[in-house]
Structure formats: C-alpha cells, structure tokens
Amino acid sequence: MNQRISQDFKETVIGVFADRDEKHIVEEFFQLFKTPWEWGDLEKRYDALLISADVESLPDAPVVIVYGSAAKKLDERYGFRLEERSAPLLNWKGRLVPVYQKASVLDAAGEAILELDGTRESAGVRIGGESRTVYRFGFDLFREIQTLLLAGQPARYASIPALDLHIAILRESILAAGVPVVEIPPVPAGHPYAVCLTHDIDFLSLRDHRFDRTMLGFVYRASLGSVIRLVQGRISPANALRNLIALLKLPMVWMGLCRDFWQQVPRYMELEQDVRSTFFFIPFAGRPGVSCGQGDHGQRAASYDLEAQGDLVKALVDGGFEAGVHGIDAWTDGKRAAEERRRFEAVCGEKNPGIRMHWLYWGEDSYRLLDEAGFAYDSTFGYNDAVGYRAGTVQAFNPPAAVDLLELPLNVQDTSLFYPGRMNLSEKEAAIACERLLVIHRELGGVLTLSWHDRSLAPERLWGDFYRDLLKKVKADGAWIGPAGQAVQWFRKRRAMVFNRVERVGEGIEVQVSSVDNLSSGEGLPGVLLRVHLPLESASLAVSRESQPWNDVPLDTRAVTRVALRQTGRKGPIEKGPAR
C-alpha cells in the first residue's frame, strides 16, 4: 500500500532511548548515520523513535523501532515473544547480516523483516497500524556497533559491510512507514566515493639485504616460486622471465653496477602524480619490537634508517604527497608510541602524523595509546588474510576509548590478495574480489583504502600492472582519490556538521546546519551533501532491492538549505551486492 508522508510533525528528528552507558557508541553511530537525532524526551513528539533501553512509556511518534535480544516491557503490549539464538547469520532482502552478540528470534503476528539465514525464523518483525508502525529487532544494535568498532569481523565475513547494513535497515524501516529521512551521506560532493592510496615502506633497497631471510625469500620466489606460479597460471610467462632476469642481475645490484630495482618510491610518485598518496615509514632501524604472536616477529625489523631518508621524505612532502609512521611498538606501549611519533616528526617535520602498525599488529588498548600519543589518525584496522571491512563500515570512525583519533580502516592490501598462505589469488581472481568491494562503494560511498607496498612494483612481486588497472577503474568511476590525511580530514569536516534546524515547510524540508570546527583545514577537499530520502512507495521491506529515490543538494553552512519532498530527477541507485 502507498504511504502518505506524515504531516503531523514539523521537525524530522529521531528520538533515542538507550542506556547511558552506551552514550559514546550511540553518539558514534549517529556520526556514521548522520541524521538529526536527540536523546528522547517523553514530553516531545518525534518522527521516529529508536528504543534499546527497557522503557515503559513512549512519546508520540508514528514509527517505533525497538532493539534488544532480551524481553522488554514494551513486548507484552505488542505481543512480541522472544527465543534466544547464539550469534546467528541474518538475511535481509538477500543480503547477509552477521550478528556477533546475543540475538533472539521473534514469535509475533507481524511481517518478517529479517530472518535467520536458511530458516523461516524471524529476527525482525513489523506491525503496522493506523497511527503507529512498530518494528522489533531481536538483537542489541549498539552492542553490535561496539563489537564491530572494537573487535571487528572475522575474515570469513570481511566482504560484508555489516555496520552500514544496520544503518540501511534502520533507514528503510523509517522510510517504509512513510517518513522521509534527512542525512549527510558519507559521499564527497561530485564523486561516488573516495579512494585512499597508501604505501607501507618495509624495504627501501635490495643492497641492504645479502644473506638474510629477506634475500633468501626473494631468491626462492624469483626462481622456483615463479615456475610454480607459472604452472598454476598465477603469473604470466613475461613476468616469470622478468623475475629470472632480476635474479641474474642480483650480484650486479650488490656491486652497484646495476640499478637497485627495489627503490620504487619515485615510480609511485610518477604513477600518482595527479592524485597523490601516503607513504608510511618505519621510525627506527633494527627494531623488531615486541611480539604479537603472529609468526617470527624478529623479521619485522627495518634495515633502513629513517634519518638517512630525510631527502626522500622531503621530496615526497614537497611533491604534495604525505608521509606517516609505520609503527613498531606504538600499538602496545604509550611511551614507545610517543617516541616513534617524536622520531618521525624530528626527521619529517610533520606534526601529529598518521600511523599504521607494521604487520597490522593490534591490541585492545591500541586506540587509546595512539590517541594519547598524539597521532591524528590510524589506518591499521584491516586484514592480513582477507580484503574488506573489518569494522563493517566504509567510513572513518572515532573508536571507543579515543578522544581525537580517527580510524581509517584498511580495505585492500596487496600481500593479502596475492601471498601464498593468505588469499593466494591470481590477478583475475583478485580483480573480481576488488570489483565486489567497488560495487559496495558505488552503493554506500565512503572510502576505499588501498595499501601497496614499496617493493610490490618490482621483481619478484610485479604487482604494478594490477595496481595501475585498479587506479584506472576507480578513476573511471569518478572517485575522489588522495592520501590518507586528506581523506580523514574530509570525514572530520563531515563529522563537524551539526543540525540546528530540520523543519517541513510546504512540499519541502528546510535544513540549517552549522560546523562546530573551523573548516579552513578542509579547503580544497570535496564538499558535503545534504540528502533527503523520500519515503518508499511500498510499506514492505521484504520487496526486492530497487532504486530508492532521494534528492541531493550541496550543503552550505552559511544558509538555509531547502530540499523538495518529491522526486526531482535525482534517483539513488542501490546496486545489488553479493549475497555472501
């Protein structure tokens, strides 16, 4: 049935009733789903209510959305009965949504919105009425968000943007009840999504290695390893020959008679001269750091000295590129984190740099330690053995226990794609894996963060052609492309936006937004958009995924922005992603 847009409420605001110990997670959730909201007031009226606390009475609202795995006082009123399940995999319109905390199935006389995958058991139910639509979901939304931001997802679910699907389910629940949704989407104005280019500088010179493990690994992979991969169809005959030639040149490289083909930073600068990227440098030579239980951590020590690379770093920064810290022990020790930052700043001159931990070492206190050490952002939260969304989101976020630090999740790492013992993909298989992620970003926006190591353009890896093809693909999409610091700054710019007024006026919505920060540091970055999602024509969320109508306008904090509550030719495509 068609839904009439509710005209009873002038303001379009979500009222939230949650336990106050969830305050940080609730606030961060609404930075990611950037829509007008406030802590609920029983004396006010709202367009929608989001309930995760156990409350007895509710203010007036046409849409009530209740989350929780345990029974609540409101359940008896609406006839909801719950039966607990352990960490189920849910199915929402053909898309899988993993749940990592407790969840329950619902026995109620309503329409199933979410089902346990492979069953007919409902984990989300809708009950429609003349004056109020009620949704009951059998899991704890904010506990799920906290789990995703702190612990992340296992690699088997890496390709699922679980957090963003929770946002989509909430948004569409409101829209299907006939209520429009105002949002500042994670989409840079003029672009479908952002791409962040980064490079981890683990090695800088082949001459630094003689008869160590690194060199023995190179010799094997350039010889027998190349033959094996050639037989498997994972490397071309041309690249197998290039590896053999490089192996034969090795003595001449050591003697200085031949170019050191591991020195690839200038080549990256040439490839990226129209977009720019971030290079993460290890701050101390010869330090393997403390172990994280991930194999032989003694091999983490860098053979190059950062101070000796001052001219290279200066050339990068002068060329518009960014330098950051490739941390050794910053993830586990606050004093060492500050020491690594100071060492980097003394050499590179950049204050409050970003950081990514070498080998993606991580601990439960890492966010807090890096924040207290003064790093502007971290970009460690990703996978060594998968590509995708460890935090379940395409966005940068402020993690629990951190005040100023933003986490820029790592999505695609070259070694994850191609290394034996990891995904071990051929280039054709890797292209398919990356395309699946691009489909998600074309739908959701956000930022896709890539890490291509310094020696990955050179023998024996030779992953440069794949990297160039991937850059061509995102450029063809019209993505904004740049270094990590600028991507983070754009998210800070969006996060600083505050809704001051959201009011329906005639056939439109007027929005007044201000910024809590000085946005001068965001100059030169894409603008932000104001998006109004128009209510769905069907009240059912169980229909197939079709295009959702929305209207986008550039957002100006200096003026009132008016957006029509009717189709104006702008329609938001929601492409079907992989179900599994």
Can you tell which of 24, 239, 478 lies farthest toward the positive end of the dipole of the chain, using +1 and -1 charges on the Cβ of basic and acidic side chains (Lys, Arg; Asp, Glu)?
239
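Which entries of 314/351; 314/473; 351/493; 72/93; 72/102; 23/102 have Cα-Cα distances beyond 22 Å here? Before the final figure, lay out each step's value.
Details: 314/351 14 Å; 314/473 30 Å; 351/493 19 Å; 72/93 27 Å; 72/102 15 Å; 23/102 20 Å.
Where the Cα-Cα span goes over 22 Å, the pairs concerned are 314/473; 72/93.
Quick one: net charge around residue 447, please, counting Lys, Arg +1 and Asp, Glu -1 for every other residue with C-beta under 12 Å from its C-beta. Each step should come with its number before you reach the end.
Numbers: positive: 494; negative: 407.
Here the charged neighbours net out to 0.
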Long-range HN-HN contacts of residue 90 with modeled amide H, under 5 Å:
97, 99, 117
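Just add up the charged neighbours of residue 495: K/R +1, D/E -1, any other residue whose Cβ is under 15 Å from the Cβ of residue 495. All intermediate terms of the calculation are to be shown ahead of the outcome.
Working: positive: 34, 492, 493, 494; negative: 27, 28, 183, 404, 407, 517.
Taking every Cβ under 15 Å from that of residue 495, the sum is -2.
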Here the net charge surrounding residue 71, from other residues whose Cβ is less than 14 Å away from its Cβ (Lys, Arg +1; Asp, Glu -1), is -2
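Before anything else, pin down the relative contact order of segment 207-261: Cα pairs under 8 Å, at least 6 apart, normalised by residue count, whole percent. Mind dumping the intermediate values first?
Details: 25 pairs, mean separation 18.6, N = 55.
Contact order relative to length: 34 percent.
Kirkwood Rh and Cα-based Rg: tell me the resulting Rg over Rh for segment 14-183, rounded to two decimals.
Details: Rg = 14.9 Å, Rh = 16.1 Å.
Over the Cα atoms of segment 14-183, Rg/Rh equals 0.93.
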Going by average Cβ neighbours within 10 Å, how do the peptides 171-180, 64-73, 250-259 rank, with the highest at the top?
171-180, 64-73, 250-259
In order over segment 487-493: 3J(HN,Hα) from phi, Karplus 6.51/-1.76/1.60, θ = phi - 60°, whole Hz, x for each Gly or Pro, gives 4, 5, 5, 5, 5, 4, 4
May I ask you to evaluate 6.51 cos²θ - 1.76 cosθ + 1.60, the Karplus curve with θ = phi - 60°, for each residue of segment 279-293 and list the ³J(HN,Hα) values in order in whole Hz, giving x for glycine and proline?
10, 9, 9, 6, x, 10, 7, x, 10, x, x, 7, 7, 10, x
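Taking the Cα centre as origin and putting +1 on Lys and Arg beta-carbons and -1 on Asp and Glu beta-carbons, what dipole magnitude results for segment 207-261, to the nearest 20 debye?
Numbers: 9 positive and 3 negative charges, 22 e Å.
The dipole magnitude comes to about 100 debye.
From the P(r) of segment 207-261, can you give the percent of Cα pairs sitting at distances over 14 Å? Before the final figure, lay out the partial values.
Values: 807 of 1485 pairs.
Percent of Cα pairs beyond 14 Å in segment 207-261: 54.
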Averaging sequence separations of C-alpha pairs under 8 Å and six or more residues apart, then dividing by the length of segment 438-523, give the relative contact order as a whole percent.
17
Residue-averaged 222 nm ellipticity for the chain, from DSSP H runs of 4+ at -39500 (n - 2.57), nearest 500
-8500 deg cm²/dmol
Under 22 Å between alpha carbons, and skipping anything fewer than 8 positions from residue 472 in its own chain: which lysines qualify?
428
Can you find, among 445, 227, 353, the residue farthest towards the positive end of the dipole of the chain? Put +1 on the C-beta of Lys and Arg, -1 on that of Asp and Glu.
227
Selection from 124, 182, 64, by position along the positive dipole direction of segment 14-183 (Cβ):
124
Percent of alpha-carbon pairs separated by more than 45 Å within the chain
21
Toy charge model, Lys and Arg Cβ at +1, Asp and Glu Cβ at -1: the chain dipole around Cα centroid in debye, rounded to 20, equals 1400
Mind listing the phi-derived Karplus ³J(HN,Hα) values for segment 57-66, rounded to whole Hz, using 6.51, -1.76 and 1.60 with θ = phi - 60°, and x for any glycine or proline?
10, 10, x, 6, 6, x, 10, 10, 10, 10
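Relative contact order for the chain using alpha-carbon pairs under 8 Å, separation at least 6, rounded to a whole percent?
On the way: 1231 pairs, mean separation 102.0, N = 580.
About 18 percent, as a whole number.
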Which aspartates and glutamates have a Cα less than 12 Å from the Cα of residue 475, not counting those fewer than 8 places away in the same chain?
272, 274
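FYI, it's all coordinate maths here, none of it is from the lab. What you see is a predicted model, and the numbers here were worked out from it, not measured in a lab. No Cβ is skipped: glycine too gets one built from the backbone with ideal geometry, and neighbour counts run over all protein chains shown.
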